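Undergrad: The following block contains the structure, expressed as structure tokens.
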């Protein structure tokens with residue numbers, strides 16, 4: 001099992017990548033500011049224990 005950081009995870013392409021990584025058994029941390037992405041793209045993932053969403057602008061330090 002790997003821990004994967006997916007920036008822009010609520011976008012169309014990366015949301016599908018998150019799906020696939022979780023299917024493979026990886027843990028996925030999705031970081032997105034949700035400006036251009038959509039929560040609808042990942043609405044099914046928060047219930048999955050291998051998925052975590054962090055709403056954050058990556059240009060600012062944590």
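Nothing in this text is a laboratory measurement; each read-out follows from the coordinates by a stated rule. From a predicted model like this one, the values you see are computed outputs, not experimental measurements. Methodologically, a virtual Cβ is constructed for each residue, glycine included, from the backbone with ideal geometry; neighbour enumeration extends over all protein chains shown.
Undergrad: Work out, step by step, the length gained on full extension between residue 48 and residue 3: first 0.36 nm times the residue separation, then minus their alpha carbon distance; give nm to one decimal.
TA: Taking 0.36 nm per residue and subtracting the Cα distance, the gain is 14.8 nm.
Undergrad: How far, in nm, would the chain grow between residue 16 and residue 38 when pulled straight, counting 0.36 nm per residue and subtracting the alpha carbon separation? Write down the numbers at each step before the final one.
TA: On the way: separation 22, 0.36 × 22 = 7.92 nm, distance 1.25 nm.
Here the answer is 6.7 nm.
Undergrad: Where Rh denotes the Kirkwood radius from the mean inverse Cα pair distance, what is Rg over Rh for the chain?
TA: Result: Rg/Rh = 0.94.
Undergrad: Let me ask something else. Helix 12-23: angle to the longest alpha-carbon principal axis of the chain, degrees 0 to 90, nearest 10?
TA: Taking the Cα atoms of the chain, the angle to 12-23 is about 30 degrees.
Undergrad: Quickly rank 4-10, 25-31, 43-49 as a protection proxy: mean count of other C-beta atoms within 10 Å, highest first.
TA: Taking the mean over residues of other Cβ atoms within 10 Å, the ranking is 4-10, 25-31, 43-49.
Undergrad: Just from its helices, what would the mean residue ellipticity at 222 nm be for the chain, if runs of 4 or more DSSP H residues each count -39500 (n - 2.57) and the sum is divided by every residue, rounded to the nearest 500 deg cm²/dmol?
TA: Taken over the chain, the calculation gives -6000 deg cm²/dmol.
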